[in-house]
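Novice: Here's a structure for you.
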Amino acid sequence: MAELSRHYDPSEIEDKWYKHWESKGYFHSTPDERESFSIVIPPPNVTGVLHMGHMLNNTIQDILIRQARLDGKNACWVPGTDHASIATEAKVVRMLREKGIKKSDLTREEFLQYAWEWKEKYGGIILNQLRKLGASCDWEREAFTMDETRSKAVLEVFVDLFKKGKLYRGQRMVNWDPQAQTVLSNEEVLYADENAKLYRVRYKVVGQEEYIVIATTRPETILGDTAIAVHPDDDRYKDLVGAQVHVPMTDRTVPIIADSYVDREFGTGALKITPAHDPNDFEIGERHKLEILDTINADGTMNELAGHLAGLSREKARKLAAKTLEESGNLVELEDYRHSVGRSERTNVVIEPRLSLQWYVDMQQLVKPALEAVESGEVAFFPQKYIGVYRHWMTNIRDWCISRQLWWGHQIPAWYYLDESGTEHVIVELTEEEALASAKKRFGEHISLNDLRRDEDVLDTWFSSWLWPISVFDGFESEEELNYYYPTSVLVTGWDIIFLWVARMIIAGYEWRELRPFKDVYFTGMVRDKKRRKMSKSLGNSPDALELIANHGADSVRFGMMSCSPAGGDLLFDDKLIETGRNFCNKMWNALRLIKGWEADESLAQPQESAEAYQWISQSLEAIIAEKKKSFETYRLSESLKSIYSFVWGEYCSWYLEMIKPEGKIDPVTLAQCKYVYARICRMLHPYMPFITEEIWHQLDVQDGDCIVNTGIAVTDVESLSRLQEFEEIKSLVSKVRELRNKNGLKQRDALQIQFLEGNTYRDIWAKASTKSLLAKLAYVDEMLAISKEDDTLTAFTSGTEKYFAEIDSTINPEEEKARLEAEINRLTGFLTGIEKKLSNERFVSNAPEQVVALERKKQQDALTKMENAKSMLAKLS
């Protein structure tokens, strides 16, 4: 291989390895005798580009899928995109407008042709961007929610639900987006407090000199009022119930009605009722059989029923209505007001409550098995705190409005036939031919296609994505792949779509497969900046994801995100974390350069200290691998990465390589062991940082396969962990000796004799020739001498729980040393208080695992020993 560059250059390495992995088909999966491990990607919008949220979510998925491959499982990660009805149609309409074409001038077929052309040109960019991140998806399985397979599944499910009586068409109050001119589900409306004006308006009681004052934030809707409501037990208005009031700005009068919905304590206790423009007013209107006056058009402008406000936008109409009310003397008061306003998730336009005929799924008939699955743990949530959120929504679930007034999407498979009496009949079938056959059977052979009118609406985008874990494996047509890959292993997603997507997929899984769609759900947090603000373009705090990769490399970015992403918690992103990732890459690269620079001499035998150092690093590595395995079982990926990072930087690079570093040439056994351990580290770290680990693994030239991607890493049984404690003491003593040299101004290479009491717990270790060799190499200690009693002429110091002594020709500042010892005693006192509090807690001692309690007791004993040593040394100084 060519000589290694001085600095790690990800740009050269990452493209090389990704192309290699793809060309070899390592990401592709087909059913076989192995255990399957499957993940379906949360399909990003076909309009989307890679942002920080995508980066976090897909990095986690890639870590899990790569680990599954290392574990010997048949790993399958299915990629795909969502057709995103509202967002895509808006982009296509904008593109057409730039060409001077109006959507209204096109037929549905013509518009869809433009939409498909746009999708083929711009759609799916994000999937190519995911390759830059290292996402090891099975690209041969790429799916699209409007491709032929997925579309057929969506329409089949609609027909199936209708024929089971679980889907219906009804006139109800909906959330209307005036810009997109479509209905939205409750979950697609985002609420936030906004500043507004509260208008107090008076209504004159007919035949009396009395007025009723109401408060509203929307004076433009007064023209749609059909009643004033008061509480039946409100003594202020008891005598007025049944009377009429004049509606300001009109020549109409409306009744005063009594309804228990009214809150007597809010405002004046009187409420204007506008059934066409408020869901609560609509329900009151139904109870009292009130007239419905719809004064607002689909595009959010006022219509002819709004009188002098006709043609104006809602905002302009509000200003003119306020002015008119003021001029007529009916505006009593105007005040600043802050209240919750609902906006469209896609267009950010204020939602308009609107009465409309739409299609609904009867969720009450579907929800029970999906709720029981999560409550019983059959579908496991990580973290579990989201179970309560899920339960609350599922137990208060409303019917799902699934029709959208758009052209881009799955056109609803419903046809309408108007008989001679003017009655409209609904026919729901999969195809036009089946619909015609059904109509002929029901209404006579004379029926032709010209007699049928197809529903113009399309289905909610989520109506396709709730089938995703089934449909990506063609589960409505073929059982073979579905039986192998389904249920999928884990879903990785944001908690913000727990209702929009997660709950509905679980519902669909039990409705059509009678099985959970996934075993686990891992909820990621939100990506925020270090000030805990949500990342957004408007705040300017959202870095360009591709730029980060280009500047630092995918491995550094993946490390930066995962090192600050606790399970289920928000990721507080800081550029410094990516710099840490880049530094880590350089550290590993420099370790590789060091090892490759060593020349083996076949005539050299392995020193005993090198053999023992190998035993220690091997045991340490296996402990980390075992810890990683446990962490992955509970999705504590960030914690595992931090442990690996500490091990590689500290144990392997800073300690082990220093222990075995030769002065000249190195013996072949130690070099082979060193490379073997490093190769095994690369396998362990590979899911997190796939590119640099693959490169180093190949550079070490000890691989037993073509690539890490398809080479397993089982937890190796080691005979014992005996070397761990032994080397912890050696490392501790080396660190303390180095600290002693720094404090006393001694040169690092000056030989030093260290003495210890004959009762020292580790006297057998200090007596070994191999230990003495290591201490000489790492700390320039030329002798370890046991003494029977303390010598006050020597400088005392503590390592672990033991006392050591050194003859130092230097004067210690007594005051500084006293201050240091007092600070140490204070620290240990606080530490012991915490430990003792924990151990005095009966619940902790009774419920915690035995080894955890034992560890706490050992910490307590070690702290007491250290405290005793510090106090003894302080007493001598005093």
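The values are calculated or read from the model by the stated rules, or taken from the named source; none is laboratory data. This structure is a prediction, so every number in the text was calculated from the model and none was measured. Backbone-built Cβ (ideal geometry, glycine too); neighbour counts: all protein chains shown. Areas reflect the complete protein model, heavy atoms only, side chains present, ligands, DNA and RNA absent. Shrake-Rupley method; radii C 1.70, N 1.55, O 1.52, S 1.80 Å.
Novice: With semi-axes √(5λ) of the Cα gyration tensor in Å defined as stated, name the option among (1) 42, 36, 25; (2) 68, 37, 24; (3) 53, 38, 22 computed from the structure displayed.
Specialist: Identified label for the calculated read-out: (2).
Novice: Let me ask something additional. Within 10 Å of each candidate Cβ there may be at most 11 other Cβ atoms; applying that plus a DSSP loop requirement, which chymotrypsin sites (Phe, Trp or Tyr not before Pro) in the stretch 58-119 survive?
Specialist: When the chymotrypsin sites (Phe, Trp or Tyr not before Pro) of the stretch 58-119 are filtered for loop state and at most 11 Cβ neighbours within 10 Å, nothing remains.
Novice: I want to check the label-to-label distance for residue 20 and residue 449. Put each point 7 Å from Cα in the C-beta direction and report it in nm to one decimal.
Specialist: Inter-label distance under the simple model: 5.6 nm.
Novice: Going by the alpha-carbon gyration tensor, a ≥ b ≥ c the square roots of its eigenvalues, is the stretch 735-821 rounded (a/c under 1.5) or, if a/c is not under 1.5, prolate (a/b greater than b/c) versus oblate?
Specialist: The shape class here is oblate.
Novice: Taking a probe of 1.4 Å, how large is the accessible area per residue of the chain, in Å²?
Specialist: 46
Novice: Give me the distance in nm between label points sitting 7 Å out from Cα along the Cα-to-Cβ direction at residue 35 and residue 260, one decimal.
Specialist: 5.7
Novice: At R0 = 45 Å, how high is the FRET efficiency between residue 847 and residue 875 if r is their beta carbon distance? Nearest 0.05 is fine.
Specialist: 0.65
Novice: Between beta-carbons, use under 9 Å as the cut-off and find the net charge around residue 416, counting Lys and Arg +1, Asp and Glu -1.
Specialist: 0
Novice: Apply the a/c threshold of 1.5 to the C-alpha gyration tensor of the stretch 305-418 and tell me whether it is rounded, prolate or oblate.
Specialist: Verdict is oblate for the stretch 305-418.
Novice: Give me the distance between the Cα centres of the stretch 380-401 and the stretch 123-160, rounded to whole Å.
Specialist: Centre-to-centre distance over Cα atoms comes out at 26 Å.
Novice: Something else about it: Might you report the magnitude of the Cβ-based charge dipole of the stretch 242-366 about its Cα centre, with Lys and Arg at +1 and Asp and Glu at -1, to the nearest 20 debye?
Specialist: Charge dipole, the stretch 242-366, about its Cα centre: 220 debye, nearest 20.
Novice: To the nearest 10 degrees, how steep is helix 85-98 against the longest Cα principal axis of the chain, on a 0 to 90 scale?
Specialist: 70
Novice: Determine, for each peptide in 124-132, 319-327, 413-421, 42-50, the mean count of other beta carbons within 10 angstrom over its residues, then list the peptides with the highest first.
Specialist: Listed from highest to lowest mean packing, they are 42-50, 124-132, 319-327, 413-421.
Novice: Now for a separate question. For the stretch 737-878, with only Lys/Arg (+1) and Asp/Glu (-1) charged at the beta-carbon, what is the dipole magnitude about the Cα centre, in debye rounded to 20?
Specialist: Dipole of the stretch 737-878, to the nearest 20 debye: 480 debye.
Novice: Between residue 461 and residues 5 or more places away or on another chain, which pairs have amide H atoms under 5 Å apart, with H built 1.01 Å from N, and which residues are they?
Specialist: Sorted by chain and number, the residues that satisfy this are 85.
Novice: How much of the DSSP beta bridge set in the chain is antiparallel, as a percent to the nearest 5?
Specialist: Of the beta bridges lying entirely in the chain, close to 70 percent run antiparallel.
Novice: Which length gain, in nm to one decimal place, applies between residue 669 and residue 817 when the Cα-Cα distance is subtracted from 0.36 nm times their residue separation?
Specialist: Contour length minus the Cα-Cα distance gives 48.7 nm.
Novice: Still on this structure: To test your reading of the geometry: what angle, between 0 and 90 degrees and rounded to tens, separates the Cα axis of helix 814-839 from the longest principal axis of the chain?
Specialist: 50
Novice: Still on this structure, I have one more. Give me the extension gain from residue 49 to residue 829: residue separation times 0.36 nm, minus the current Cα-Cα distance, reported in nm with one decimal.
Specialist: 275.4 nm
Novice: Also, quick follow-up: Taking all protein chains in place and a 1.4 Å probe, what share, in percent, of the accessible surface of the chain do carbon and sulfur account for?
Specialist: Summing carbon and sulfur atoms, their accessible area is 47 percent of the total for the chain.
Novice: Using only Cα atoms and rounding to the nearest 10 degrees, what angle (0 to 90) does helix 850-877 make with the longest principal axis of the chain?
Specialist: 50
Novice: Quickly estimate the mean residue ellipticity at 222 nm for the chain, helices only: each DSSP H run with n ≥ 4 gives -39500 (n - 2.57), and the total goes over all residues, rounded to 500.
Specialist: Computed ellipticity for the chain at 222 nm equals -13500 deg cm²/dmol.
Novice: Taking θ = phi - 60°, what integer Hz values does the Karplus form 6.51 cos²θ - 1.76 cosθ + 1.60 yield along the stretch 590-602, in sequence order, with x for Gly and Pro?
Specialist: Per-residue couplings from phi come out as 5, 5, 4, 4, 4, 5, 5, x, 7, 10, 7, 10, 4 Hz.
Novice: Please list, in order along the stretch 320-328, the HN-Hα scalar couplings obtained from phi with the Karplus expression 6.51 cos²θ - 1.76 cosθ + 1.60 (θ = phi - 60°), rounded to whole Hz, x for Gly and Pro.
Specialist: 5, 4, 4, 5, 4, 5, 5, 5, 8
Novice: Residue 542's amide H: which non-local residues (gap 5+, or another chain) put their own amide H closer than 5 Å, with H modeled 1.01 Å from N in plane and none for Pro or chain starts?
Specialist: 536
Novice: I'd like the FRET efficiency for residue 742 and residue 788, computed as 1/(1 + (r/R0)^6) with the beta carbon distance as r and R0 of 22 Å, rounded to 0.05.
Specialist: According to the calculation, E is roughly 0.15.
Novice: Let me ask something additional. How many times 2.2 N^0.38 Å is the alpha carbon radius of gyration of the stretch 660-773?
Specialist: 1.45
Novice: Additional query: Between residue 299 and residue 190, what FRET efficiency follows from the Cβ-Cβ distance if R0 is 22 Å, with the result rounded to 0.05?
Specialist: It comes out at approximately 0.55.
Novice: Hey, another quick one. Taking 7 Å along the Cα-to-C-beta vector as the label spot, tell me the residue 102-residue 769 distance in nanometres, rounded to one decimal.
Specialist: Result: 9.8 nm between the two label points.
Novice: Let me ask something else about it. Within the stretch 505-527, what residues put their amide N at less than 18 Å from the label point 7 Å along the Cα-to-Cβ vector of residue 385?
Specialist: Within reach of a label on residue 385: 521-527.
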